[in-house]
Amino acid sequence: MTSFLNAFTVDVEDFYQVSAFEKFISRDSWADYPQRIVESLPRILDLLAEFQVRGTFFILGWQAENHPELVRKIADAGHEIGFHSFSHSLIYEMEPAAFREELQRGKRLLEDLTGQQVEAFRAPSFSITKKSLWALDVLADEGFRYDSSIFPIYHDRYGIPDAPREIHSIETQNGTLWEFPPSAAAFFKMNLPVSGGGYFRLYPYALTRHFLRRINKKEGRPFIFYVHPWEVDPEQPVLPFGSRATQFRHRVGLGRNLAKLRKLLRDFQFCTLSEAIQVEIEKTGNFK
């Protein structure tokens, strides 16, 4: 087993809140859908408890407002609380004032529910791109210290391909922000996404394990893994929207994912986002 402390993270949203379906499902209708997260989220909590792993849960404000009992359950289990926006709107489609309002509203709600200081953020669909780097200044100004939103890959909806792949500090107008990018492995002249979500469901587990071990051992750094509760819920309704590619991306591997997560937790060591970052800061001697 590797000695690296990797970050295990969960984006707390339900199947009807996925960005790929937002053109078809209005936010006003979210409450009309089956609230599958009430069943799916405990599956992840139980699995983490089985392996005695504490992770970081990036919670959607809408979920916190509508299911405060789930937020308390996450906090009571000892996990770190992060924020995942309130409305799951893409940051590069938002105005700075609206983004700031969501940060303030969500941070206040999560801190009131848990008693934890909320300092970690992840943008919906990794939507801090070159078009929305202004969001980093707003995050720092609102008291966030950690971000995990900038995916260093090519993708049709997100990513900054030439962004650093390792944990690094970003100096904003309002202070230092530590970025832990979703993990990508160098593959010829491109970065291959290997850190979770649909990529984890699509790839054979042996391939994921190979690249994650390479990040730990050959590149000498931790990786960050992410999963959504709906990704361990094969019983969720089939949404009659989107292209075949969209449907494939959403449903591939749902039935196998919980078993694959068990293998991942068996093969690697995990901690929270902030703990992994602090370990790297201490290694490098960078105490900003």
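For residues that are assigned to a helix (DSSP H, G or I), buried (at least 16 other Cβ atoms within 10 Å of the Cβ) and over 17 Å from the mean Cα position of the chain (by Cα), tally how many sit in region 214-242.
The qualifying residues number 2.
What helices (runs of 4 or more DSSP H), lying completely within region 1-119, carry at least 3 residues that are closer than 23 Å to residue 240 by Cα and at pLDDT 95 or above?
Output list reads 37-50.
Please count how many residues of region 178-210 are crowded, with 20+ Cβ neighbours inside 10 Å and either in a loop (DSSP other than H, G, I, E, B) or aliphatic (A, V, I, L, M) (or both).
Adding up the residues that qualify gives 8.
Of the numbered conditions (1) closer than 27 Å to residue 178 by Cα; (2) of a type in the set (Val, Ile, Thr); (3) in contact (Cβ under 8 Å) with a residue 60 or more places away in the chain, residue 25 satisfies every one except a single condition; which is it?
Unmet for residue 25, out of (1) closer than 27 Å to residue 178 by Cα; (2) of a type in the set (Val, Ile, Thr); (3) in contact (Cβ under 8 Å) with a residue 60 or more places away in the chain: (1).
Restricting attention to region 20-40, which residues are touching a Phe, Trp or Tyr at 6+ places or on another chain (Cβ under 9 Å) and either surrounded by 15 or more Cβ atoms within 10 Å (Cβ to Cβ) or of a type in the set (Ser, Thr, Tyr) (or both)?
20, 21, 25, 29, 30, 33, 36, 37, 40
Among the residues in region 183-198, are any more than 17 Å from residue 224 (Cα to Cα), at pLDDT 95 or above and out of contact with any Lys or Arg (no Cβ under 8 Å at 6 or more places or on another chain)?
No: region 183-198 contains no residue that is more than 17 Å from residue 224 (Cα to Cα), at pLDDT 95 or above and out of contact with any Lys or Arg (no Cβ under 8 Å at 6 or more places or on another chain).
With the checklist (1) exposed (fewer than 14 other Cβ atoms within 10 Å of the Cβ); (2) in a loop (DSSP other than H, G, I, E, B) in hand, flag the one item residue 245 doesn't pass.
It is condition (2) that residue 245 fails.
Of everything in region 74-103 that's farther than 23 Å from residue 30 by Cα and touching a residue at least 60 places away in the same chain (Cβ under 8 Å), which residue is surrounded by the fewest Cβ atoms within 10 Å (Cβ to Cβ)?
Out of the qualifying residues, it is 79.
Restricting to region 61-115, and then to whatever is of a type in the set (Ser, Thr, Tyr) and within 16 Å of the chain's Cα centre (by Cα), can you tell me which residue is farthest from residue 16 (Cα to Cα)? Talk me through it step by step, then tell me what you get.
Here is the first cut: in region 61-115, the residues of a type in the set (Ser, Thr, Tyr) are 85, 87, 89, 92, 114.
Of the ones still in play, those that are also within 16 Å of the chain's Cα centre (by Cα) are 85, 87, 89.
Working: 85: 16, 87: 12, 89: 13 Å.
Going through the qualifying residues, I end up with 85.
Which ones in region 45-70 are surrounded by fewer than 23 Cβ atoms within 10 Å (Cβ to Cβ) and of a type in the set (A, V, I, L, M)?
Within region 45-70, 45, 47, 48, 49, 53, 70 qualify.
Name every residue in region 1-51 that is charged (D, E, K, R) and more than 18 Å from the chain's Cα centre (by Cα), in order of residue number.
From region 1-51, those charged (D, E, K, R) are 11, 13-14, 22-23, 27-28, 32, 36, 39, 43, 46, 50; that's our starting set.
Within region 1-51, 22, 23, 27, 28, 32, 36, 39, 46, 50 qualify.
Checking residue 175 against (1) surrounded by 17 or more Cβ atoms within 10 Å (Cβ to Cβ); (2) under 25 Å from residue 275 (Cα atoms), only one condition comes out false. Which one?
The single condition residue 175 does not satisfy is (1).
Kindly evaluate residue 231 against the criterion of being charged (D, E, K, R) and either under 18 Å from residue 12 (Cβ atoms) or touching a helix residue (DSSP H, G or I) at 6+ places or on another chain (Cβ under 7 Å) (or both).
It is true that residue 231 is charged (D, E, K, R) and either under 18 Å from residue 12 (Cβ atoms) or touching a helix residue (DSSP H, G or I) at 6+ places or on another chain (Cβ under 7 Å) (or both).
Quickly run through region 248-285 and pick out the residues that are part of a helix (DSSP H, G or I), small (Gly, Ala, Ser) and within 21 Å of residue 206 (Cβ to Cβ).
Residues satisfying the conditions are 255, 259.
The values are calculated or read from the model by the stated rules, or taken from the named source; none is laboratory data. Only a predicted model underlies this, so the values are computations on that prediction, with no experimental measurement involved. Here Cβ is always computed from backbone atoms with ideal geometry, including for glycine, and neighbour counts include all displayed protein chains.
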